[in-house]
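Okay, so here's the structure we're looking at.
The values are calculated or read from the model by the stated rules, or taken from the named source; none is laboratory data. Computed from a prediction, not measured in an experiment: that's the story for all the values here. Positions of Cβ are generated from backbone atoms using ideal geometry, with glycine treated the same way; all protein chains shown enter the neighbour counts.
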Amino acid sequence: MNAKSKIVNMLKEAELYRQQGLLEETLQQYRKVEKNIRSLKNVKNKDSLLNKVHGTIEMVEKELQCFLEEQELPEVSEEARKVMRTMFSLDDPEVKGSSLLGEAIALAGFGQYHAAIEAFERLLDLEHLRMDAAKKMIAYGLEYKGEKEALHMLQRWESDNRFSMEDRNFLVKYMQEQARAAKAENQTGTAPPREPESELRESDVCDISAIRLKLPKEAGEDEKIKLNVNFQHGTRLNVVVPRNKPDIARALQTGKTVPGVVFSSPIGSYSGTVYIQLNRTIDFGPHKGDASVNFKILTFS
């Protein structure tokens, strides 16, 4: 393969990475292309080619930086964590570690992946919660970091005597099932919605006790419904929709922007717009079957 054909193939590979959202790999590939072009001699329009590739590199660098900035979430305060422990504790408050499991799941729901994993790690010492914690670590590892993260966990547990061979085999199968389900979902061709930017700083929002909003028509609701806020972290709110209100839960779909929201607080009412960050069914504890919904406040006045 001559030098020109090699560069063309490298460019095609770079664009494939970019189409798949693999920005770091895209950047590395374009830098290789740039290096290869510089090494060539007696190439027509060499400077022009380098300028185009350099411009593309700068563009991908900006895309990557924007992506990384979007992933940077403020840490959840200890006060908010205490509320999470109470909110998501199991039926029996005497069960050791149950509130920590609930806190870990809530942290993951708010995008606090590393804090959630640290909480799950502490639960691996508790035999009655070990497998639940391990399954959640695998599921959230796949969701937030990809297959490499989940495989890394499984590799670490191979030499961990807290897990039996039967436990490890079960977790390997569980990871494979979760990975297959995630790939099948990605192959539908539907791109995930891009989360809008909030116009607010964390300090711009006061304590909110409830929100009122008008649901989309598919929920069969003409009037605004009231949802009590379980906990708040700056511009982020969590509410729980009871399992006996399935129409409301289904209408609050992840990725939707809802205008005309009324926020209730101890000092008055405000209006604004929210973005639905997450809608997940709670699978344990007194709220099992209810929907836990996270909102991000975009405007507030």
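Against the test of being in contact with a Leu (Cβ under 9 Å, 6 or more places away or on another chain) and either closer than 24 Å to Leu101 by Cα or modelled with pLDDT under 85 (or both), the options Thr254, Thr273, Thr281 yield a single qualifying residue, Thr254.
Taking the conditions exactly as written (modelled with pLDDT of 75 or more and under 29 Å from Val239 (Cα atoms)), does Arg81 satisfy them or not? Give the steps one after another, and end with the answer.
Values: modelled with pLDDT of 75 or more: no; under 29 Å from Val239 (Cα atoms): yes.
For Arg81, the condition - modelled with pLDDT of 75 or more and under 29 Å from Val239 (Cα atoms) - is not met.
From the list Gln65, Gln29, Gln71, which one is farther than 30 Å from Asp290 by Cβ and at pLDDT below 70? Steps first, please.
Numbers: Gln29 fails: at pLDDT below 70; Gln71 fails: farther than 30 Å from Asp290 by Cβ.
Result of the check over Gln65, Gln29, Gln71: Gln65.
Can you confirm whether Phe231 is surrounded by 15 or more Cβ atoms within 10 Å (Cβ to Cβ) and at pLDDT 85 or above? The answer is no for Phe231. For Lys136, the conditions (1) touching a residue at least 40 places away in the same chain (Cβ under 8 Å); (2) part of a helix (DSSP H, G or I) all hold with the exception of (1).
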